[in-house]
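Q: Dropping the structure in here first, questions after.
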Amino acid sequence: MIPGARLILLGRQGAGKGTQCVRLSRHFVVPHISTGDMLRAAVREGTPLGTMAKEVMDAGGLVGDEIMVGIVAERLAKPDAVGRGYILDGFPRTVPQANGLDDITADRPIDAVLDLDVPRELVLQRISARRVCRDCGTNYVAGGVDKEPWICDVCGGDVTQRDDDTPEAVSRRLDLYEEQTAPLIEYYERQGRLIVVDGVASTDEVFRRLTAAVSYTHLTLPTSYSVEISVVAVP
Ligand code: ADP
């Protein structure tokens, strides 16, 4: 049997979290839980949450902690996440969210927190070229002569630039990342769960580094999480 895993992937916007989470979720056979995707689905469905979230998201802000912790608690209680684990993408994003997650996962703690490290200048370039399928969320890179209309290879949906990938919203999100999310690196370092992975490499190489980092955790910390780990570019 393929062992499951309970993982968090941290990293700046455009670090490649979405792409790597899809691959990690297939590799460990666990659900990929992206709070951004959940909010975008709520926006598409026009639910009260979606209506509230759209305004915040388009401005590059953050949806309230209590709401986010509630959404994630509900999702992690579903049988697939309870039985096999999950990979969390985009959550937690603030220290109060991390505290909320500690409470939710008290019985089944997180195995590892992976910080996909890519410098700000590089993610800015990547985000300006990022295109996303409006229906299934698959990421693409624009370059040269783009197809118009651009149809998703996976589901046939429209591939466009995200509404919140404007230069102003991106810059606000990156600032918020430094203020609100970067402190989580220290938070998880103190808990001995953090593994820093250098994300400046090909998609395949970054995936190899991430899976190596998780195996390392499983091998060295089967029962205890008290040891501090910080590995840059797992060999
Ligand atoms: P990005 O990492 O590029 O900002 P996401 O898809 O993870 O993209 O999130 C898109 C938007 O959804 C965020 O800018 C924010 O407004 C909202 N969002 C997603 N996750 C959270 C969260 N954990 N807490 C608060 N807001 C969130």
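Q: Mind listing the long-range amide H neighbours of residue 6? Cut-off is under 5 Å, sequence gap 5 or more, other chains count too, H placed in the peptide plane at 1.01 Å from N.
A: Here 86, 111, 112 satisfy the definition.
Q: May I pose another question? How big is Rg to Rh over the chain, alpha-carbon atoms, Rh as the Kirkwood inverse-mean-distance radius?
A: We get a ratio of 0.94 for the chain.
Q: What does DSSP give for the chain in terms of the percent of beta bridges that are antiparallel, rounded to the nearest 5?
A: Bridges in the chain that DSSP calls antiparallel: roughly 25 percent.
Q: For region 132-184, build the convex hull from the C-alpha positions and give me its volume per residue in Å³.
A: Values: hull volume 5.7 nm³, N = 53.
Considering the Cα atoms of region 132-184, their hull volume per residue is 107 Å³.
Q: Quickly estimate the mean residue ellipticity at 222 nm for the chain, helices only: each DSSP H run with n ≥ 4 gives -39500 (n - 2.57), and the total goes over all residues, rounded to 500. Don't skip to the answer; put the middle values down first.
A: On the way: 10 runs with 107 residues, N = 235.
Taken over the chain, the calculation gives -13500 deg cm²/dmol.
Q: Can you put 78, 17 in order of Cβ neighbours within 10 angstrom, beginning with the fewest?
A: Working: 78 12, 17 26.
Ascending number of Cβ neighbours within 10 Å: 78, 17.
Q: Pairs of alpha-carbon atoms within less than 8 angstrom and 6+ residues apart define the contacts here; what relative contact order does region 42-161 have, in percent?
A: Relative contact order here is 13 percent.
Q: Return the unpartnered cysteines for the chain, using a Cβ-Cβ cut-off of under 4.7 Å.
A: Cysteines of the chain left without a disulfide-compatible partner: 21.
Q: Any chance you could check the Cα centroid distance between region 1-75 and region 133-195 for me, in angstrom?
A: 11
Q: With label points built 7 Å along Cα→Cβ from the Cα atoms of residue 128 and residue 186, find their separation and express it in nm.
A: It is 3.2 nm.
Laboratory data are not the source of any read-out in this text; all were calculated from the coordinates shown. What you see is a predicted model; the values in this text were computed from it and never measured. Heads up, the Cβs are rebuilt from the backbone with ideal geometry, glycines too, and the neighbour counts pull from every protein chain shown.
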